[in-house]
Amino acid sequence: MSFLVLVRHGQSEWNLLNKWTGWTDIELSGQGEEEARKAANLLRDITFHRAHTSDLKRAQRTLEIILDELGHKKVPIKKHAAIKERDYGDLTGMNKDEAKKKFGAEKFKQYRRSWDVAPPNGESLKDTAARAIPYYEKEILKDLKRGHNVIVSAHGNSLRAIIKHLEDISDDDIPNFEIGTGVIHVYEIDEEGKVAGKEIRDHNNN
C-alpha cells in the first residue's frame with residue numbers, strides 16, 4: 001500500500017487579487033507560503049519517496065516549502081507541463097467579479113467549473129484531463145505501484161481532473177467539486193493501483 005498526496009498550491013498573488021491565472025507564472029503570496037507550511041504540518045505522518053509538480057513556480061514553491069519543512073530535501077522531483085493549470089485563454093488576468101458581470105452568472109460558472117465548456121481560446125476541464133490523466137497513469141501511478149509514497153503539488157483544475165478519474169466523479173457532478181488553496185487529498189493506493197482509502201486534510205479546519 002502506498003500513499004498518494006495531492007495538494008493544491010498555496011494562494012498565489014493573483015488568487016489574492018481574484019484574477020484568473022491559468023498558465024501565467026505567478027508567485028505565491030505571503031499567505032500562500034504560510035498555507036504551504038500548514039500543509040506540511042498536516043503531512044508529518046507520511047514519509048515521501050517521490051514528488052511531482054507542474055512547470056509553474058507557484059506549485060513548485062509550494063512543494064519546496066513542504067519538503068523543506070518535512071526534512072525531505074533529497075526526494076526526487078519531476079516537473080511537467082502535463083499537470084499545469086488549465087489555460088483560461090482570453091479570461092487570463094481578468095478579475096472574476098468583473099468577468100461574472102460581463103458574461104452573466106450561468107456562463108461564468110460554465111467557464112469556471114464545467115467539464116467540457118472552454119473559455120475563448122482556452123481549455124475546458126476535459127482538455128486539462130486529456131493531458132493530466134495520461135501523466136498520472138504513466139508517471140505517478142508507476143511510482144505508486146513500486147511502493148513509493150508520492151506527493152503531487154499542482155493546481156485546482158489539474159487536480160480536479162485527476163481526482164475525477166480516481167473517484168469516478170461524473171461529468172454532471174464535477175462542476176460542484178472544488179479544492180481550496182493548500183488543501184490536501186490523501187489516497188491509499190493498493191498494489192493494483194486502485195484507491196483503497198481517502199481523506200481530506202484542510203488547514204482551515206485545524
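Between a first residue in the range 51-71 that is free of Cβ contacts under 8 Å to residues at least 12 places away in the same chain and closer than 15 Å to S158 by Cβ and a second residue that is surrounded by fewer than 23 Cβ atoms within 10 Å (Cβ to Cβ) and not charged (D, E, K, R), which pairs have beta carbons less than 9 Å apart while being 6 or more apart in sequence or on different chains? Listed pairs, sorted by first residue: none to list. Could you list, in sequence order, the residues of the range 170-204 that are out of contact with any strand residue (DSSP E or B) (no Cβ under 8 Å at 6 or more places or on another chain) and either assigned to a strand (DSSP E or B) or closer than 14 Å to A132 by Cβ (or both)? The answer is I174, and nothing else.
Being farther than 30 Å from L16 by Cβ, without any contact (Cβ under 8 Å) to a residue 60 or more places away in the chain and surrounded by 16 or more Cβ atoms within 10 Å (Cβ to Cβ) holds for only one residue in L141, L125, and it is L141. Screening the range 93-162 for helices (runs of 4 or more DSSP H) wholly inside it with 3 or more residues that are at pLDDT 95 or above returns the ranges 125-135, 141-145. Considering only residues that are surrounded by fewer than 17 Cβ atoms within 10 Å (Cβ to Cβ), touching a strand residue (DSSP E or B) at 6+ places or on another chain (Cβ under 7 Å) and among the β-branched types (V, I, T), which ones fall in the range 47-76? Within the range 47-76, no residue meets the criteria. Counting only residues that are within 17 Å of E137 (Cα to Cα), of a type outside the set (A, V, I, L, M, F, W, C) and more than 9 Å from the chain's Cα centre (by Cα), the range 151-206 holds 11 of them.
Matching residues to (1) closer than 18 Å to D171 by Cβ; (2) not charged (D, E, K, R):
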| residue | (1), (2) |
| --- | --- |
| K96 | no, no |
| A99 | no, yes |
| A105 | no, yes |
| R113 | yes, no |
| V117 | yes, yes |
| D127 | yes, no |
| Y135 | no, yes |
| D143 | no, no |
| G147 | no, yes |
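I'd like the full set of residues that are out of contact with any Lys or Arg (no Cβ under 6 Å at 6 or more places or on another chain), touching a residue at least 60 places away in the same chain (Cβ under 8 Å) and polar (S, T, N, Q), limited to the range 157-192. Residues satisfying the conditions are S158, N176.
Return yes when A154 is out of contact with any Lys or Arg (no Cβ under 6 Å at 6 or more places or on another chain), among the aliphatic types (A, V, I, L, M) and within 16 Å of E35 (Cα to Cα) and no when it is not.
Values: out of contact with any Lys or Arg (no Cβ under 6 Å at 6 or more places or on another chain): yes; among the aliphatic types (A, V, I, L, M): yes; within 16 Å of E35 (Cα to Cα): yes.
In short, yes.
The values are calculated or read from the model by the stated rules, or taken from the named source; none is laboratory data. All figures in this text were calculated on a predicted structure; none of them were measured in a lab. Every residue, glycine among them, receives a Cβ derived from its backbone with ideal geometry; neighbour counts consider all protein chains shown.
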